[in-house]
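The values are calculated or read from the model by the stated rules, or taken from the named source; none is laboratory data. Remember, it's a predicted structure, so these values are computed and weren't measured experimentally. Positions of Cβ are backbone-derived with ideal geometry, glycine not excepted, and every protein chain shown enters the neighbour counts.
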Amino acid sequence: MKKNIQIPTYLQNQTGYKRIFSFYELYRTLVQVSSAVYQLIQNQKKQLVDPLFIERIQLAVTQVNECPACSYAHAYLALKAGMDNEEIQAFLSGANDFILAEESKALLFAQHFAVKRGVPKRIAYEEVEREYGAKKARILLSAMQVMLMGNIFGLPYSAFHSRLKGHPYTNSSLAHELSRLIAFFIFLPIAILHATVFSILGRSASTFS
């Protein structure tokens, strides 16, 4: 790893999955990401939500899922966006030292979203809408969905990378890792078509409990 990018030691020395996602969860999240990516692209143009806020949201999601590859990638993006290593490490470790009061409700929801595996309680999301407004809430939810998709792909990728280095995960197998990585590319075009149909029908791909 590059010297200027730091992630917590426990992530660097990961020996197993904290969470394992199903093929259904992979597909459902891919469908959601098609719309979510559009929301984030639009936000880059309009800057309705601060990019640093989005990075903190995504770090909060990946902290719950403990994905080494995602943590490293988003530590790099967060550094580029202006965060320092101490703040990044705090978010990846679950510490609240750098949480801003005005972002706290969204960050708590991001953790809830991750714990619920991308199917948060509707009442919790409605609280986020009341706090930030519907447009900002949708952008924040999109950031979480994109990060979850990264985690679902990044976890087996991290395990496979560790296996190649001679340190296979204790709760994984080569078949599990390859099946998830291959399924991502098989599901992707179908999920994009599915999301397009939802868009034409005016339906949201987001799911709530």
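Give the residues of region 157-172 that are small (Gly, Ala, Ser) and loosely packed, with under 14 Cβ neighbours inside 10 Å, sorted by residue number.
Once the filter is applied, which keeps residues that are small (Gly, Ala, Ser) and loosely packed, with under 14 Cβ neighbours inside 10 Å, region 157-172 yields only Gly166.
Look through region 11-21, keep the residues that are within 16 Å of the chain's Cα centre (by Cα) and within 18 Å of Arg180 (Cα to Cα), and return whichever of them is surrounded by the fewest Cβ atoms within 10 Å (Cβ to Cβ).
Checking each candidate, the answer is Lys18.
Quick one: Tyr169 ticks every box in (1) in contact with a Phe, Trp or Tyr (Cβ under 8 Å, 6 or more places away or on another chain); (2) assigned to a helix (DSSP H, G or I) except a single one, so which number is it?
Condition not satisfied by Tyr169: (2).
Given the condition under 26 Å from Tyr17 (Cβ atoms), modelled with pLDDT of 95 or more and β-branched (Val, Ile, Thr), answer yes or no: does some residue in region 75-96 qualify?
No: region 75-96 contains no residue that is under 26 Å from Tyr17 (Cβ atoms), modelled with pLDDT of 95 or more and β-branched (Val, Ile, Thr).
Restricting the search to region 103-154, which residues are modelled with pLDDT under 95 and either of a type in the set (Ser, Thr, Tyr) or touching a Gly at 6+ places or on another chain (Cβ under 8 Å) (or both)?
Result: Ser104, single match.
Any residue in region 173-186 that is over 18 Å from Ala36 (Cβ atoms), among the polar types (S, T, N, Q) and at pLDDT 95 or above?
Yes.
Within region 34-133, considering only helices (runs of 4 or more DSSP H) that don't extend past its boundaries, which have at least 3 residues that are buried (at least 22 other Cβ atoms within 10 Å of the Cβ) and aromatic (Phe, Trp, Tyr)?
none
Somewhere in region 10-33, is a residue closer than 20 Å to Pro189 by Cβ, in contact (Cβ under 8 Å) with a residue 24 or more places away in the chain and among the polar types (S, T, N, Q)?
yes
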